[in-house]
1. Looking for whichever is at pLDDT below 95, open to solvent by 60 Å² or more (accessible area, probe 1.4 Å), in a loop (DSSP other than H, G, I, E, B) and more than 18 Å from Leu312 (Cβ to Cβ) here; the options are Ala134, Ala39. Which one fits?
2. Within the range 76-106, how many residues turn out to be open to solvent by 30 Å² or more (accessible area, probe 1.4 Å) and outside any loop (DSSP other than H, G, I, E, B)?
3. Could you list, in sequence order, the residues of the range 156-196 that are within 26 Å of Met240 (Cα to Cα), part of a loop (DSSP other than H, G, I, E, B) and either hydroxyl-bearing (Ser, Thr, Tyr) or open to solvent by 50 Å² or more (accessible area, probe 1.4 Å) (or both)?
4. Identify all residues within the range 139-155 that are in a loop (DSSP other than H, G, I, E, B), open to solvent by less than 50 Å² (accessible area, probe 1.4 Å) and either of a type in the set (D, E, K, R) or touching a residue at least 12 places away in the same chain (Cβ under 8 Å) (or both); write none if there are none.
5. Step by step: first the residues of the range 45-59, then only those that are basic (Lys, Arg) and either touching a His at 6+ places or on another chain (Cβ under 8 Å) or in contact (Cβ under 8 Å) with a residue 12 or more places away in the chain (or both), then the one that is most open to solvent (accessible area, probe 1.4 Å). Which residue is that?
6. What single numbered condition from (1) of a type outside the set (Gly, Ala, Ser); (2) open to solvent by less than 30 Å² (accessible area, probe 1.4 Å); (3) at pLDDT 95 or above; (4) not in a strand (DSSP E or B) fails to hold for Ile305?
7. Consider only pairs whose beta carbons are under 6 Å apart and that are at least six residues apart or on different chains; among these, list those whose first residue lies in the range 248-269 and is touching a residue at least 60 places away in the same chain (Cβ under 8 Å) and whose second residue is part of a loop (DSSP other than H, G, I, E, B) and of a type outside the set (Asp, Glu).
8. Of Ile84, Ile73, Ile112, which residue is of a type outside the set (Phe, Trp, Tyr), under 19 Å from Leu320 (Cα atoms) and either at pLDDT 95 or above or within 21 Å of the chain's Cα centre (by Cα) (or both)?
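The values are calculated or read from the model by the stated rules, or taken from the named source; none is laboratory data. Since we're looking at a predicted model, the values are computed, not measured. Using ideal geometry, Cβ is built from the backbone for each residue, glycine included, and neighbour counts are taken over all protein chains shown. For accessibility, only protein heavy atoms count, side chains too; no ligands or nucleic acids. Shrake-Rupley method; radii C 1.70, N 1.55, O 1.52, S 1.80 Å.
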Amino acid sequence: MARRRVLLYLKPFDVYPPRPLAGASFPTFPPPPPPPRAANPKILSYLDDRCRVHKDTINLCKSVLERKPLDWISVQRNHLSKSIRDVDLVITVGGDGTLLRASHFLDSSIPILGVNSDPTCSDEVDELTDEFDARRSTGYLCAATARNFEQILDATLAGSKHHSELSRISVKLNGTQLPTYALNDILVSHPCPASVSRFSLRKRSSSETSHLINSRSSGLRVSTATGSTASMLSAGGFMMPISSRELQYMIREPISPTDADKPLLHGLVKQEQHMLVVWYNQEGAVYIDGSHVTHSIQHGDTLEISSDAPILKVILPEYLLTQVSL
């Protein structure tokens, strides 16, 4: 039997900017003023520990893979710019953001397993709650941590732990398919958050078309079921079963909506529907799963948004599997 091939996809080490050492010499004269230092040394210690824990988890994952009959390579997420092919499994080490970034390079054929490299410690949060936010990585979609990585990996390779199929968002710009599918959500808005976004939208299916909504607002957010627990929920949306193929949308901070429009400012795009958006500002942007992937739009551009996208195979944590079976 051929050895299985694994790609280890890593959050980089340098997620926090380097801090110059006290008393360091400078090659120029006069030397630049030293940058401001954090007032609370506990914050510096906390950030240093986050980097250490992340590195330790990467080293542990590599050590485990070395002991398995696998062919594997590792790559930092900032160094990958093309589709992932010719592997049997992708393992991400970081948090949900790292898994999201990897998903943009995957089609529906390769499963992905997330390892939360720096999970939140409740005791630490309680101890420091009056000083700063000591929460670490949420890892909502990550099935493993350093503690159980080898166990989860063995179960995945043995076939006793199965992947789930998660829906993604397809966006067409003026009829052309954008190359990146969103696993969490998209945001359509003016690039400046202080500016008003002007657009119209309507939902369509083969048998029905909603009336046109003309919007002046802070933009339009559309999420998958997976993304319904993130920004959408924070904005007042609702959680969806993670196996749902529907999309949830919300017009953000609408300005003086009409009575007829109010029921349609927040709702669902069914699997058989798509949403048509016409953009009216001179400039705008489509943000896919955060700020890392953006596409510029301009006055008169049309977007077609739907769940007609390749699914993503994800090894989910146990607590999410109960939602899949609902």
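1. On the way: Ala134 fails: open to solvent by 60 Å² or more (accessible area, probe 1.4 Å).
Criteria check complete, one pass: Ala39.
2. Total satisfying the criteria: 7.
3. Scanning the range 156-196 gives His162, His163, Ser167, Pro179, Thr180, Tyr181.
4. Step one: list which residues in the range 139-155 are in a loop (DSSP other than H, G, I, E, B), which gives 139-143, 146-148.
Narrowing the set further to residues that are open to solvent by less than 50 Å² (accessible area, probe 1.4 Å) leaves 139-143, 146, 148.
Passing the criteria: Gly139, Tyr140, Leu141, Cys142, Ala143, Ala146.
5. Residues of the range 45-59 that are basic (Lys, Arg), as a first pass: 50, 52, 55.
This time we only want the ones that are either touching a His at 6+ places or on another chain (Cβ under 8 Å) or in contact (Cβ under 8 Å) with a residue 12 or more places away in the chain (or both), so: 50, 55.
Details: Arg50: 36, Lys55: 92 Å².
Going through the qualifying residues, I end up with Lys55.
6. Among (1) of a type outside the set (Gly, Ala, Ser); (2) open to solvent by less than 30 Å² (accessible area, probe 1.4 Å); (3) at pLDDT 95 or above; (4) not in a strand (DSSP E or B), the lone unmet condition for Ile305 is (4).
7. Short answer, once both residue conditions are applied: Arg252/Ser218.
8. Result of the check over Ile84, Ile73, Ile112: Ile112.
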